[in-house]
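Take a look at the structure below.
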Number of protein chains: 2
Amino acid sequence: MPILVMKFGGTSVATLDRIRRAAKRVGREVANGYDVIVIVSAMAGETNKLVGLVEETSQFFDAREYDAVVSSGENVTAGLMALTMQEMDVPARSWQGWQVPLRTTDAHAAARIEEIPPENIMTKFAEGMRVAVVAGFQGIGPDGRITTLGRGGSDTTAVAFAAAFGAERCDIYTDVDGVYTTDPRISDKARKLDRIAFEEMLELASLGARVLQTRSVELAMRYKVRLRVLSSFGEFDDNAGTLVCAEEDIVESNVVAGVAYSRDEAKMTLISVADRPGIAAAIFGPLAEAGVNVDMIVQNISEEGRTDMTFSCPTDQVARAEKAMEHAKATGDINFHDLVADTDVAKISIVGIGMRSHAGVAAKMFATLRDENINIKVITTSEIKVSVLVDRKYLELAIQSLHDAFELEKTA
Amino acid sequence: MPILVMKFGGTSVATLDRIRRAAKRVGREVANGYDVIVIVSAMAGETNKLVGLVEETSQFFDAREYDAVVSSGENVTAGLMALTMQEMDVPARSWQGWQVPLRTTDAHAAARIEEIPPENIMTKFAEGMRVAVVAGFQGIGPDGRITTLGRGGSDTTAVAFAAAFGAERCDIYTDVDGVYTTDPRISDKARKLDRIAFEEMLELASLGARVLQTRSVELAMRYKVRLRVLSSFGEFDDNAGTLVCAEEDIVESNVVAGVAYSRDEAKMTLISVADRPGIAAAIFGPLAEAGVNVDMIVQNISEEGRTDMTFSCPTDQVARAEKAMEHAKATGDINFHDLVADTDVAKISIVGIGMRSHAGVAAKMFATLRDENINIKVITTSEIKVSVLVDRKYLELAIQSLHDAFELEKTA
């Protein structure tokens, strides 16, 4: 029988009633003729509770013990979901990560999936089991101890299972009903996309869209797993949600697929840096070591051997960045006059694979913002994306005007 | 290094603060030169919460899924306890049942321990680990799935580990500070025993004393594990609690070690049963099938081919017993005039290995009760125990007068 992977996040299994609703969706796919692998998260709130217990016990905790504790939330949901399926007369059983086994690296609390041998679960499918409920977010390391995959690990688990089992599709059930052209809370013209290309989704995810974790999209793209994002609270509808798929599966698309944003960006400028070969490495090396996630980087035109270097990072890393730069200055590794942090900025990005074949997309973006008198502070571009930093007060205006200018409310 | 097993029940690990207090006791034994295996229960209330979720999900649940869900409570405590030991700079790690592995039968939710290979944990002790924190109450079945041991499983886990590792002692930390001559809430003359023989503890446990589960005492007796019961809330004291040990380790003891009682007993009498060979089997077979735990049995003198048959069982099983007997009568398997249930009785027992060598202990018990005008309704005896059923209103009076008569407030 064809295999389907269905993943339910924490809010979709927050109560027994919601677990029953999720189970009905699974039962429907079983009736459609699929053998189903269900990946479950912990009931909403449980993981935070367990993390809280660990952090209260130990400030610099042993990540192996953290994993042993935190993984228990998913185990509870998996058992309850299996029982719920059985109550509906669907043959089902639960699997903890080590039972599958889902083998990972030994990077506890942030492990990467290495291998999912399908034999154990396939044997049970062959024996008549229709639903394998797998505790997400966890695996077993080379040392035989429990590992967890870190943030977004449940989505990644689901995609990895879909790849390992050659699933027809991987459905990610969440609390939103798909991927939108932009945040519907900011623009009431935001439109749900029926399909979006992996590359676009990847950019949107890393640019702040909260729908899917970057890692899971990367994995889906690499193994060509058809990924569907949909709401576990909506009506049953086989065409619900947004399908994230290969570019060639999308017949027509807009030049720009969507407008993404990130509110908590800060712009940092090192004023009058001595300009010499290797200066970028001397600046961004210490920042990386200090754990600062530098996003955009702009180097201004050099004058008389000195230059200004601007970069952006999350606002909550500004203090860390300042400390790292002051330290590098004190040790003589770099030399600058001043470090200016502007924490009142936001990043706006337009994303679309159509940009590759259409000229003038960036120019149209800049013109649109100019027409609204929005000053652009930093620009970066990639093959399918243009990002700008603007004053945060213009965030909504910028998004709405770009959404209008690229006519995102209309289907291609 | 010599090995010590220390077991902490749910109330002893109910909060992070209590886990820290328990960890200090463990740290003290490490400083004393022991390698310690710590067996932990789930934090008080957690197991009931998980059982509640399972029962709400499914009335006739799959015990394998029940085990997968319910075992997670102990896993959380084990990880937190290991972290707490590490915070105290004691090398420690947690072990889930399947990691040890603690192998059990496949009787899910009521599995029995089959084997605990000590190699994995011993290897870590040899490498310098000082504390192995093991999640109690759980193991792995022949099918590779998680099992739980049923009621009292954590005590039994502790004793089984002590046997498998040849531990010097198994300390059971609980919320009482030892075994008493009788319930201190009933007699203020109740005295804590320093030592008690396995056989006596076994009788006391099965007669209603709540300190240790029968199964764990049986196992300790079979493998000669020195078992100590003590409070996790008292001061540090190497002689605290009560040592449950072999008879030969007790130099002097009273003839009677203690007075036990059970409040929720019912006396059932089948009036005028046709007396024929096989009648006892015809009565107690159906009762056993109906899940009635028959305790005492008395057959009165037969008159003209008919007899009265009296037995006792827990009060909450009376309805079940009545149904089984009416059914057996309806099918013609047995014949009786009436079934009379007396649910206002209590069972009082005196227990002591000294009875074996002392005559007249039972006679003294009966005389004591007669002097208080307490009517005895049923009597049963074993080598080291005499039990009687009396009207429940005499419970306290009977216990206090027997405690006085046998001078239990005095040390031997």
- [ ] For region A:200-251, state which GluC sites (Glu not before Pro) are in a DSSP loop and have at most 14 other beta carbons lying within 10 Å of their beta carbon.
- [x] A:E235
TODO: Find every distance from the label point of B:E289 to the corresponding label point in the other copies (7 Å from Cα along Cα→Cβ) and write them in nm, one decimal, shortest first.
DONE: 8.0
TODO: Report the normalised scattering of chain B as log10 I(q)/I(0) at q = 0.11 Å⁻¹, calculated by the Debye formula with identical scatterers on the alpha carbons.
DONE: -0.91
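FRET efficiency for A:H358 and A:S382, Cβ-Cβ distance as r, R0 = 22 Å, nearest 0.05?
Values: r = 15 Å, r/R0 = 0.67.
The calculated FRET efficiency here is 0.90.
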TODO: Identify the GluC sites (Glu not before Pro) of region B:303-412 meeting these criteria: DSSP loop state and at most 12 other C-beta atoms within 10 Å of the C-beta.
DONE: B:E304, B:E383
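Kindly work out what percent of the DSSP beta bridges joining two residues of region B:3-175 are antiparallel, to the nearest 5. If you can, show how the numbers build up before the last one.
Working: 5 of 26 bridges.
About 20 percent, rounded to the nearest 5.
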TODO: Compute the acute angle (0 to 90°) between the alpha-carbon long axis of helix A:16-31 and the principal axis of greatest extent of the alpha-carbon atoms of chain A; round to the nearest 10°.
DONE: 70
Task: Cα-based helix-to-principal-axis angle, B:395-405 vs chain B, degrees rounded to 10 - done: 80
- [ ] Calculate the radius of gyration of the Cα atoms of region A:3-175 to one decimal place, then report Dmax, the largest Cα-Cα distance, as a whole number, both in Å.
- [x] 15.2, 49
- [ ] Would you calculate, for chain A, the mean residue ellipticity at 222 nm contributed by helices, counting each DSSP H stretch of 4 or more residues as -39,500 (n - 2.57) and dividing by all residues, to the nearest 500?
- [x] -10000 deg cm²/dmol
Open item on the list: Taking A:E303 in one copy and the same position in all the others, each labelled 7 Å out along Cα→Cβ, what are the pairwise distances from the first, in nm, shortest first?
Closed with: 12.4
Open item on the list: How are the alpha carbon pair distances in the protein assembly as shown distributed across 20 Å bins from zero to the largest one, expressed in percent?
Closed with: 14, 33, 30, 15, 7, 1, 0
TODO: Return the ratio Rg/(2.2 N^0.38 Å) for region A:259-405, where Rg is computed over Cα atoms only.
DONE: 1.12
TODO: Distances from B:F236 to the same position in the other copies: list them in nm, one decimal, shortest first, using label points 7 Å from Cα along Cα→Cβ.
DONE: 6.4
Open item on the list: Just to be sure I understand the model, the point goes 7 Å from the Cα along the line to the Cβ. What's the resulting A:A274 to B:F284 distance in nm?
Closed with: 9.8
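In square nanometres and to one decimal, what's the mean projected area of the convex hull around the Cα atoms of region A:231-310? Numbers along the way, then the final one.
On the way: hull surface 41.0 nm².
Averaged projected hull area, Cα only: 10.3 nm².
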- [ ] Please sort by residue number the GluC sites (Glu not before Pro) in region B:52-152 whose DSSP state is loop and whose Cβ has at most 10 other Cβ atoms within 10 Å.
- [x] B:E127
- [ ] Once you've got the Cα coordinates, tell me which of A:K7/B:K49; A:K192/A:K377; A:K49/A:K385; B:K49/B:K192 are over 28 Å apart.
- [x] A:K192/A:K377; A:K49/A:K385; B:K49/B:K192
TODO: Using DSSP, restrict attention to beta bridges with both residues in chain A and report what percent are antiparallel, rounded to the nearest 5.
DONE: 60
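Each value in this text was obtained by applying a stated rule to the coordinates, not by laboratory testing. Please read all numbers here as calculations on a predicted model, not as lab measurements. For neighbour counting, all protein chains shown are included, and Cβ atoms are generated from backbone atoms with ideal geometry for every residue, glycine included.
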